[in-house]
Amino acid sequence: MRNPLADVSIPVLDDLIKSDYVRSLVVGTVGVLGALLVLGTLFPESVAGDLSGIVFSTSTAASTARLAAPIVLAGLGGIFAEKSGVINIGLEGLLIISAFVSVYVSSVVGIGNAVLGVPAIWVGFLGGIAASTALSLVFGIVCIEFQADQIIAGLAVWLIALGLAPFMSTVFFGGVNTPNLGASVGWKYSAVMVVVATLASWWALNRTAFGKHLRAAGENPKALDTVGVSVSKVRHAGVLLSGVLSGVGGSALALSIGQFIGSGETMVQGKGFIAIVAYLFGNYNPIGTLGAGVLFAGLDAVQIRLQQLGYAIPDTLVQTIPYVVVILVLALVGRTRLPEAAGEHYETED
Amino acid sequence: MNPAVHMDGITKRFPGVVANDDVDLAVERGSVHALLGENGAGKTTLMNVLYGLYEPTEGTVFLDGEPQSFDSPRDAIDAGVGMIHQHFMLVDPMTVWENVVLGNEPRTWGGLRVDEAAAREAVVDLSERYGFDVDPDARIEDVSVGVQQRVEILKALYRGADVLIMDEPTAVLTPQEVEDLYDVFEELTDQGKTIIFISHKLGEALSAADDITVLRDGVNVGTVASTDVTREDLAEMMVGREVLMEPATTPQEPGDKVLEVTDVHADDDRGVEAVSGISFELRAGEVFGIAGVDGNGQSQLVEAITGMREPTDGEITYLGEAMAGESRREHIDRGMAFIPEDRQERGLVMSYDLTENGILGSQHDPPFAEDGRLDWRASRDHAESVIEQYDVRPPDADAEAESLSGGNQQKFIVGREFERDPDLVVAMHPTRGVDIGSTEFLHDRLLELRAEGKAVLLVSSKLDEVQGLSDRLAVIHEGEFSGVVDPATVTEEEIGLLMAGETLADDSVEGAAVHDAGTDLGEAGDEEVDA
């Protein structure tokens, strides 16, 4: 059955998004929001009124941007890794390590100080990116050079970060949660970084030679190898980019409130795994991943507000709304196609 | 003038093996040169030396008289040597032009952007210059194998190749596509390119090449002009003894009906219909051949018949009983032998030794199984007898299947299946990857089975094989028989047309064979077929 939403034509989007699947996702989301706005404006006293009041408020926008940043950025990183043929399910770990290190470095420099004119909080931001990139480098070496199983290595990245970050926090700050820095990175910075990273990723994947090589490495590495491009270099680049982008996401998450929370599943709370869903959801298209990430973060932000409204629905049920929606959309809209050689090791013949 | 390629005294040793032993090869500019030999004769090794994958142990490669020393294929490409592999090195979801320029993309904006316009123009220019009809924006997964091959040639030309090496270029093509490829050869050589192609098919070397070099056991047996030799001469050079080129079939009256297939439909793994209403019957002492380009439903049809795929519609009757829906085990137990097309996926367990592989399918039956235990002594004896009778090398029942060459794996499977004492043998590409000497032997065994009154269903993409062995020959196209013909009288051109889905103008041939199946075989069988 053909999805009717896929036939809707939008001038600019049509050029950016060739996939019917992603397009129907975008059109569907915009349609639901539009309907909500119209209904809410017409009937301000109804449930639709309450909902549109929540959805179209600045505070919801702010928390959406805050929650979306780690999902979208890690998702973009995941695209680079997986397109090159390395499935990186360690995104969660990369987010955790960068969230902690960004706060740690900021506090070591000291809020109010600066390094080479860069304020402490931005030094911490870069520190978070560096930590995540370093961990992804290790992951890349283990997977590409030593041909470890990518899923197991990815789980290891997550588990290492999950244990290490709260431990370091205890060592340096005396508790799994760091004290608040007393300074933060505003949500508008997060929003700008997310948009810029999305557009830059789209360009890199679709318009540059590197993007073509990345795709070839994931689809048919031998074809790339025989024209003289090193498959392992391209794959390392893809994995490192996943580290850099996840680092931006993790740093943005922690520094947006100025604190690292290490209890339970840490403050990252599965956002790295949701990022994987987001890019699969977006069918490896950065624009689609942005849409999916924002949708997800938006639902999360809305469900937090909904709990405060006092409808007679248990909170635990409200908390599941984002997940239920994901499953519904995935089931209705269709499925994605994995790169042919994703997860497979490649060895040159000579 | 210096030859375009001159390989002087090339010796390549691997641990324990001499793959090439002091081989000389000279190829003139603008000529087509065939490198002919059986599997393991050292053809591919020699070409791997030429395009830089291997460094020769001894000897030198000269291009236009200049000595070369290649460290990697990259060096060879830079020196103007392009390789077109048997399995195409293309990225399926990418377009033709993206594939052609992959790794050498023209760039603008300081490298931040691939110059699509320039890339597409370069591809169109090359395509027009050599008379290729290729759409630069088509996706590889949407174009035919023949077009994919041209994309591979374009890739080499785009990188400035003057010498094109092609590994078994016709293996995946229809007869018509093969003709087109020969035209492409002509166009390329007219413009000064040099072509070397690897082959083990005599006919193709004779019709496409100017000169032919035959390798045997890593040694150059001789280089001859294609106009000076016959098929028989070449076969003798390849094998080292006289070879009987045509299998000798004798007339034989077919017996009872063994297999009847009625209007069978079957889907492929994606759920798309691959077999669309096929009917035929097969009698004892008869060989029924199915020819066609790979991927036209032969796999699914055979899977339906052998119990590996449930047909969506239609009936399959074997020895008078309906078989559709019966388990694979039931098929084996009732005496249906099966030589699968993918020997490594379905024919053997690659990490098992030959003793273990030899009882696959019979592991429940005496003498191999007794009281729930396996009798390894009997299993080993069985494997050794197959190895001996079918000349499997190395003759070692403890060798793991993956350590054998493809041809020897195939011989072992064929031996195992034939020794089951079947009533019906379903053979898919029984001699794929097997050298001429062994092919001759396997063909003889197949005909012996026929003489013993077994029924044989033979599916092959080798025309001369199905044509030479079959009593009746069906041609399959897109899941249907486009014709059932008498292999003794049909021409290769006619089969080619049927393979492309056309019908023959002379419908009397088709009609008679379809409806009168199995009755007029007395004449069909006794012809010596020239393929």
Excluding residues fewer than 8 positions from residue A:222 in its own chain, the aspartates and glutamates with Cα under 13 Å of it are A:340, A:344, A:347, A:349, A:350, B:92
If one builds a Gaussian network model of chain A from Cα atoms under 10 Å apart, the most fluctuating residue listed among A:255, A:76, A:309 is A:309
Place a point 7 Å from the Cα of residue B:500 in the direction of its beta carbon; the residues of the range B:181-207 whose amide N falls under 14 Å from it are B:181-183
The pairs in A:83/B:411; A:83/B:201; B:12/B:462; A:212/B:12; B:193/B:411; B:43/B:462 lying past 29 Å Cα-Cα in this model are A:83/B:411; A:83/B:201; B:12/B:462; A:212/B:12; B:193/B:411
Expressed as a percent, the accessible surface of chain B that is carbon or sulfur, using a 1.4 Å probe and the full set of protein chains, is 43 percent
Under the 7 Å Cα-to-Cβ spin-label approximation, residue A:56 and residue A:309 lie apart by a distance in nanometres of 1.5 nm
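Please report, ordered by residue number, every helix of chain A (full DSSP H runs) that is 24 Å or longer along its axis going by C-alpha atoms and whose mean Kyte-Doolittle hydropathy reaches 0.5.
Numbers: long enough: A:20-42 (32 Å, 1.60); A:58-83 (36 Å, 0.83); A:91-109 (27 Å, 1.98); A:120-140 (30 Å, 1.75); A:150-173 (34 Å, 1.93); A:187-207 (29 Å, 0.73); A:231-255 (36 Å, 1.14); A:286-309 (34 Å, 0.92).
Both cut-offs are met by A:20-42, A:58-83, A:91-109, A:120-140, A:150-173, A:187-207, A:231-255, A:286-309.
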A student asked for the Cα radius of gyration and Dmax of the range B:345-421 in angstrom ought to give 11.4, 36
Packing-ranked peptide list from B:140-149, A:201-210, highest mean Cβ count within 10 angstrom first, is A:201-210, B:140-149
Taking Cα atoms only, helix B:116-129 is inclined relative to the longest principal axis of chain B by an angle, in degrees rounded to 10, of 80 degrees
Per-residue average of other protein chain Cβ atoms inside 10 Å, peptide B:105-116 -> 3
Under a 1.4 Å probe, counting only protein heavy atoms, residue B:85 has an accessible area in Å², nearest 10, of 40 Å²
Stretched fully, the stretch from residue B:389 through residue B:315 gains (0.36 nm per residue minus C-alpha distance, one decimal, in nm) 22.9 nm
Within the set A:55, A:138, A:115, GNM on chain A using Cα springs under 10 Å gives the largest fluctuation to A:115
As a percent rounded to 5, the proportion of antiparallel DSSP bridges among beta bridges in the protein assembly as shown is 55 percent
Mean accessible area per residue over the range A:117-261 (1.4 angstrom probe, all protein chains present, square angstrom) is 39 Å²
Simple SL model, points at 7 angstrom along Cα→Cβ for residue A:199 and residue B:375; separation in nm is 7.9 nm
At R0 = 41 Å the Cβ-Cβ FRET efficiency linking residue B:18 and residue A:115, nearest 0.05, sits at 0.05
Checking rank on B:267-276, B:469-478, A:64-73, with mean other Cβ inside 10 Å and highest first, the result is A:64-73, B:469-478, B:267-276
Rounded to a whole number, the mean other protein chain Cβ count within 10 angstrom for residues of A:218-231 is 6
Taking A:100-106, B:56-62 and ranking on average Cβ neighbours within 10 Å, highest first, one gets A:100-106, B:56-62
Taking r as the C-beta separation of residue B:276 and residue B:329 and R0 as 35 Å, the FRET efficiency to the nearest 0.05 is 0.80
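Considering only chain B, what is the antiparallel percent among its DSSP beta bridges, to the nearest 5?
In chain B, approximately 55 percent of DSSP beta bridges are antiparallel ones.
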Both in Å, the radius of gyration and Dmax of the C-alpha trace of the protein assembly as shown are 32.8, 102
Kirkwood Rh for the range A:57-332 from C-alpha pairs, in Å, is 18.9 Å
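Once you average over the residues of B:96-103, how many Cβ atoms of partner chains fall within 10 Å of each Cβ?
Mean shielding count: 4.
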Farthest towards the positive end of the dipole of the range B:5-239, among B:47, B:72, B:202 and with Cβ unit charges of +1 on Lys and Arg and -1 on Asp and Glu, lies the Cα of B:72
Of all DSSP beta bridges with both partners in the range B:5-239, the antiparallel percent, nearest 5, is 55 percent
Between chains B and A, the summed loss of accessible surface on complex formation, probed at 1.4 Å and reported to the nearest 100 square angstrom, is 1900 Å²
Rounded to one decimal in nm, the spacing of the 7 Å Cα→Cβ label points at residue B:71 and residue A:147 is 2.4 nm
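The values are calculated or read from the model by the stated rules, or taken from the named source; none is laboratory data. None of the values given here were measured: they were computed from a predicted structure. Neighbour counts run over all protein chains shown; Cβ positions are idealised from the backbone, glycine included. In case anyone asks, the SASA skips ligands and DNA or RNA and just uses the protein heavy atoms, side chains included. Shrake-Rupley method; radii C 1.70, N 1.55, O 1.52, S 1.80 Å.
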